[in-house]
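Each remark here refers to the structure printed beneath this line.
The values are calculated or read from the model by the stated rules, or taken from the named source; none is laboratory data. Fair warning: this is a prediction, and the values are worked out from it, not measured in the lab. When we count neighbours, we look across all protein chains shown, and the Cβ atoms used for this are built from the backbone with ideal geometry, even at glycine.
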Amino acid sequence: MVMKKRDRFEAKRTGKQDDLFPVYVDDFLMTLKYYVDEEESHLWIKDFKICHSCEYKPCLYFCPAGVYSRDSDGTIQIAFQSCVECGCCRVGCPYDNIGWKLPRGGFGVAYKFG
């Protein structure tokens, strides 16, 4: 809980934090069910030359499911089968070089809780 005191904010322990158990992204990802479309990817690189010239390659870091990786010659690879469809890649690439669309009907990720 955050309380305002004069012109600053202070955190105040309420005791409720002790009742909560830690939640990890990996645990959440294990609760998902994937219906993989092996014929048509919903993610793609628009121009590999742009990826090759990208200095920081943020796509390797912003995806919570680790969909983007580099192969031995530095080319960006996409493991679209493990995508959680969060949309980070639509806004995370500074060159707008990642194509994204919803998977075809009947395919994609199914959230079990919520």
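Quick notes on this structure:
- Sub-6 Å Cβ pairs linking a first residue in the range 24-39 that is within 15 Å of CYS83 (Cβ to Cβ) to a second residue that is of a type outside the set (Ser, Thr, Tyr) and surrounded by fewer than 11 Cβ atoms within 10 Å (Cβ to Cβ), at least 6 apart or interchain, are LYS33/ALA110, ordered by first then second residue.
- Test: residue in the range 47-64 that is modelled with pLDDT of 95 or more, within 25 Å of GLY105 (Cα to Cα) and of a type outside the set (S, T, N, Q): no
- Qualifying position, being in contact (Cβ under 8 Å) with a residue 12 or more places away in the chain, surrounded by 12 or more Cβ atoms within 10 Å (Cβ to Cβ) and under 13 Å from the mean Cα position of the chain (by Cα), among CYS59, CYS54: CYS59
- Within the range 78-90, the presence of at least one residue that is free of Cβ contacts under 8 Å to residues at least 24 places away in the same chain and charged (D, E, K, R) is confirmed.
- Selection count, the range 6-36, where residues are in contact with a strand residue (DSSP E or B) (Cβ under 8 Å, 6 or more places away or on another chain), modelled with pLDDT of 65 or more and acidic (Asp, Glu): 0
- Note on the range 88-98: residues that are loosely packed, with under 15 Cβ neighbours inside 10 Å and in contact with a strand residue (DSSP E or B) (Cβ under 7 Å, 6 or more places away or on another chain) amount to 1.
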